[in-house]
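Report on one structure; see the data block that follows.
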Amino acid sequence: MILNLIAPLGTTEGLGIWIAAFLTLCIFSFLYKDNPFYKFAEHLFVGVSSGYYISIYYWNTLKPNMIDELVKGFKALGQGNTQKAFGLDESGAVMAEPHLRMLIPLMLGIFILLIFISRKNAWLSRISFAWYIGVASGIAIPTAMSTRVLLQAQGSIRDFCSYNSDCATSAGLDPQVATTALWINAFLLLIGTLSALAYFFFSLPSKGALKVMNKVGIYFLMISFGASFGYTVMARISLLIGRLQFLFYEWLGITIS
Amino acid sequence: MKTKLPVTIAFLTGLFMAFAYFVERDNVAWVRILYEELNQNNIVLAVFVLFLGVGTLLIRHAKKIRDKNSDSIYSWVVIVSTLAVAYIGLFQTTGESIGANENFQWIFNNFQVPLSATMFSLLAFFVASAAYRAFRARNTEATLLLIAAAIVMIGRVPIGSVISDSLSLTGSFSLPAIAEWILDIPNTAAKRAITIGIGLGMTATAIKIIFGIERTYMGSGK
């Protein structure tokens, strides 16, 4: 093991490493108990994240989608081309570039921010939220039914069709040679999905066959929660190893040879 | 007016978006353009909602400073760091991409990355203590949880293969293969059921919002 010099503080890169190391240790200090160093780092995290996301969303979303369109629209308006300014071509048909039509989301955005400015007119923000929630709900109905319900149900029974060459051909699937293990897995997938769904079915009392299904459903859910927990623990430990590697290798300059 | 107008807007926009999904939009230009534009408007509105959130955060901390709260020094940290990073990100960026702003990237690499990574890595310790409480094999369900978690954890690191080899567990019976099977079969089955439940819940809630039954997005209703 070789202990090199600690990252030089005089350079921009070195200063960055020292700051990152200090902040890392500040957060790890919480393992002892809540203390001013941790509180400082925690609040700094909130502040830096807020500033970071404001900048990112401004440059990546607001500017290209709204501000640039408005600038183009006002330029066209200045040149006397009113149709182009509002995103209409010469024949009056609607063009894909909205230009000044983006005044609508700008107005809705200002309505949202009225909460800060005018208590009397703050209710206008409801219009913006209704617009946002309405559009999101309209998109959610077909997409949630398609991707979260129908495709998931299809996935649970798809293998049974794939293992039958006639069914696979008529359904446009790649026929597969089914081994006993694959059949067992396909049955387990179907039974697991149905029984876990049955566990969340509260319209009938849990008696008889439904009770058995519920019990099997709980077992599948517990295995799934255990697997997710194990997966999460591994991800967190991976992050911890990453931070320790940073402290030892990049900050302290320890190398193992 | 204060209630009926928002409910009507939610009804009209929601209904249009739901029906537009089923229209062959490439053949009907106005539906395609309106559908895309409403989507684009929502992306823009989400940024204003972010501004609303950050503004509320700053006001809350400013109030703490005004009230001379004992922890007001940390409120200064939040306000100063938010404004400083936002200033560097918004006003020191030249050109079209924020990726070219070296100062902003320096802050990201030396503040944002270590703070977020360490904050989440800290959870490893708390997850371990939670595991101690959750993993006591008190009944069949807890035992299944314990076994599944243990196999997934051991099976996905090199020591899993070493243990399998030392116990002569090969092929489908090795720990990595069992961990993979748990993730692919029972885990997928349960996750599918949960996903189907979420999908049905989302659809039901969306329908309630469009028809004005669910109005909590409007706040207190005053």
Any chance region A:108-117 includes a residue that's more than 7 Å from chain B (Cβ to nearest Cβ), surrounded by 15 or more Cβ atoms within 10 Å (Cβ to Cβ) and at pLDDT below 90? no
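Okay, residues lined up against (1) in contact with a Ser or Thr (Cβ under 6 Å, 6 or more places away or on another chain); (2) at the interface with chain A (Cβ under 7 Å from one of its Cβ atoms); (3) more than 19 Å from A:Glu69 (Cα to Cα):
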{"residue": "B:Tyr21", "(1), (2), (3)": "no, yes, yes"}
{"residue": "B:Asn27", "(1), (2), (3)": "no, no, yes"}
{"residue": "B:Gln40", "(1), (2), (3)": "no, yes, no"}
{"residue": "B:Val47", "(1), (2), (3)": "yes, yes, no"}
{"residue": "B:Leu52", "(1), (2), (3)": "no, yes, yes"}
{"residue": "B:Arg60", "(1), (2), (3)": "no, no, yes"}
{"residue": "B:Ser75", "(1), (2), (3)": "no, no, yes"}
{"residue": "B:Leu90", "(1), (2), (3)": "yes, yes, no"}
{"residue": "B:Gly99", "(1), (2), (3)": "no, no, yes"}
Looking for something in contact (Cβ under 8 Å) with a residue 12 or more places away in the chain and more than 7 Å from every other protein chain (Cβ to nearest Cβ) - is there at least one such residue anywhere in region B:180-203? yes
Looking only at region A:69-102, which residues are assigned to a loop (DSSP other than H, G, I, E, B) and either polar (S, T, N, Q) or within 14 Å of chain B (Cβ to nearest Cβ) (or both)? A:Gln79, A:Asn81, A:Phe86, A:Gly87, A:Asp89, A:Ser91, A:Gly92, A:Ala93, A:Met95, A:Ala96, A:Glu97, A:Pro98
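To keep it simple, each residue is scored yes or no on (1) at pLDDT 95 or above; (2) surrounded by fewer than 17 Cβ atoms within 10 Å (Cβ to Cβ).
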| position | (1), (2) |
| --- | --- |
| B:Asn39 | no, yes |
| B:Asn42 | no, no |
| B:Tyr87 | yes, yes |
| B:Thr93 | no, no |
| B:Ser97 | no, yes |
| B:Leu122 | no, no |
| B:Phe135 | no, no |
Filter result for the condition that a residue is exposed (fewer than 15 other Cβ atoms within 10 Å of the Cβ) and outside any helix (DSSP H, G or I), over B:Ser168, B:Ser172, B:Ser129: B:Ser168
So, restricting to helices (runs of 4 or more DSSP H) that lie completely within region A:103-175, which ones have at least 1 residues that are closer than 27 Å to A:Thr61 by Cα? A:103-117, A:125-143
Test set (1) within 30 Å of B:Trp106 (Cβ to Cβ); (2) among the β-branched types (Val, Ile, Thr); (3) in contact with a strand residue (DSSP E or B) (Cβ under 9 Å, 6 or more places away or on another chain) - A:Val94 fails condition number: (1)
In the list B:Thr94, B:Thr82, which residue meets the criterion of being more than 8 Å from chain A (Cβ to nearest Cβ) and of a type in the set (S, T, N, Q)? B:Thr94
Go through the residues of region A:189-197 one by one and say whether even a single one is outside the structural domain of A:Ile17 (by the TED database) and surrounded by fewer than 15 Cβ atoms within 10 Å (Cβ to Cβ). no
With the condition kept exactly as written, say whether any residue in region A:159-182 is buried (at least 16 other Cβ atoms within 10 Å of the Cβ) and within 30 Å of the chain's Cα centre (by Cα). yes
Out of (1) surrounded by fewer than 18 Cβ atoms within 10 Å (Cβ to Cβ); (2) under 22 Å from B:Gly212 (Cα atoms); (3) facing chain A (nearest Cβ under 8 Å), the one B:Lys4 does not meet is (3)
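The values are calculated or read from the model by the stated rules, or taken from the named source; none is laboratory data. It should be emphasised that the depicted structure is a prediction, and the values quoted were computed from it without experimental measurement. Cβ coordinates were reconstructed from backbone atoms using ideal geometry, including for glycine residues, and neighbour counts include every protein chain displayed.
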